[in-house]
Ligand SMILES: NC(=O)c1ccc[n+]([C@@H]2O[C@H](COP(=O)([O-])OP(=O)(O)OC[C@H]3O[C@@H](n4cnc5c(N)ncnc54)[C@H](OP(=O)(O)O)[C@@H]3O)[C@@H](O)[C@H]2O)c1
């Protein structure tokens, strides 16, 4: 039975992934700042932006023989160029990028020894560029450089490193960062070729694919789960 560590696992895409992996007989370890009841596996509370908290987590997970890592914890920071400040920029890097690299560095040692590993990071369609999202887009596109470089260095150890890049998925993050005004929502959805929001389970399916044995020869890739929005807008 393979063991998967998922960050940002207490709701949204992370929780949907934990549930699907459990159903597919993986052993799941979840991480977020707040534990939830009935999580389908072991759970550790950790603030991934806090070094003390991460170091404690690293000790806690040391003996778990983790095969796969899903770097999912993240949040979006919306600011125009005029409002952009470097504290927000640092916050975005410290949550959306740094912990993914730090946890991967920690877990890859054991993966190399075992000659097996899967690292899947959750980027975003915003990595391609999205208005009012400098700090978020920079951090999420950083995951591309990380993933592609690690894919090249780790292929000989049978470790794959891939990305899933969601588009608009109806989660707390999306609600927090986008207007819930009805007419805005209508216009927003009309831009999406599929004219609807994605469900967290649809992203979880892509994450689980990269983790599965079926994806054993796929590395350094990004799979967009965005209703086609990374290709273009819906025709007028
Ligand atoms: N929803 C979308 O449309 C969309 C689109 C593109 C990309 N994404 C990406 O998909 C991933 C999951 O997003 P989601 O939509 O499922 O968002 P969500 O429902 O807000 O979940 C975010 C998760 O990250 C955790 N988290 C946040 N800050 C943390 C911290 N400092 N330390 C540890 N955990 C932390 C949260 O738990 P706590 O708050 O309890 O810590 C939560 O489990 C994110 O990386 C996001 O950028 C989402």
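Read-outs: derived from the displayed coordinates by stated rules, not from any lab. What you are looking at is a predicted structure, and each value in this text was computed from that prediction instead of being measured. So basically every Cβ, Gly included, is an ideal-geometry build from the backbone, and we count neighbours across all protein chains shown.
For the chain, the longest principal axis of the Cα atoms and the long axis of helix 86-96 meet at an angle of about 50 degrees. Relative to the globular-protein estimate of 2.2 N^0.38 Å, the Cα radius of gyration of segment 3-225 stands at 0.99. Segment 151-165 and segment 52-80 have Cα centres separated by 18 Å. So, R0 is 30 Å and r is the distance between the beta-carbons of residue 60 and residue 158; what FRET efficiency does that work out to, to 0.05? Rounded to the nearest 0.05, the efficiency is 0.65.
Classify segment 108-213: rounded, prolate or oblate, from the alpha-carbon gyration tensor (a ≥ b ≥ c, eigenvalue square roots; a/c under 1.5 rounded; otherwise prolate if a/b is larger than b/c)? Judged from the Cα gyration tensor, segment 108-213 comes out prolate (a/c at least 1.5, a/b above b/c). Take the Cα of residue 87, step 7 Å toward its Cβ, do the same at residue 33, and the gap between the two points is 1.6 nm. What residues of segment 125-149 lie in the reach of a label at residue 176, counting those whose backbone N is under 15 Å from a point 7 Å from the Cα along Cα→Cβ? Within reach of a label on residue 176, which here means backbone N under 15 Å from a point 7 Å along Cα→Cβ, segment 125-149 contributes 136.
When only alpha carbons are used to place a centre, segment 91-111 and segment 188-236 end up 23 Å from one another.
Were the residues from residue 110 through residue 233 laid out at 0.36 nm apart, the gain over their Cα-Cα distance would be 40.0 nm. Computed over the alpha-carbon pairs of segment 187-236, the distance histogram in 5 Å steps reads 4, 19, 23, 19, 15, 11, 7, 2, 0 percent, short to long.
Taking other C-beta atoms within 10 Å as the exposure proxy, 98, 195, 130 rank 195, 130, 98 from fewest upward. Compared with the dominant Cα axis of the chain, that is its longest principal axis, helix 98-114 is turned about 30°.
Nearest 10 degrees, 0 to 90: what angle lies between the long axis of helix 12-23 and the longest principal axis of the chain (Cα atoms)? Taking Cα atoms only, the helix is inclined about 40 degrees. Using C-alpha pairs below 8 Å separated by at least 6 residues, the relative contact order for the chain is 20 percent. A P(r) calculated from all alpha carbon pairs of segment 1-61, with 5 Å bins opening at zero, reads 4, 21, 32, 22, 15, 6, 1 percent. Taking a cut-off of 24 Å, what percent of all Cα-Cα pairs in segment 1-132 are separated by more than that? Every Cα pair in segment 1-132 considered, those over 24 Å come to 30 percent.
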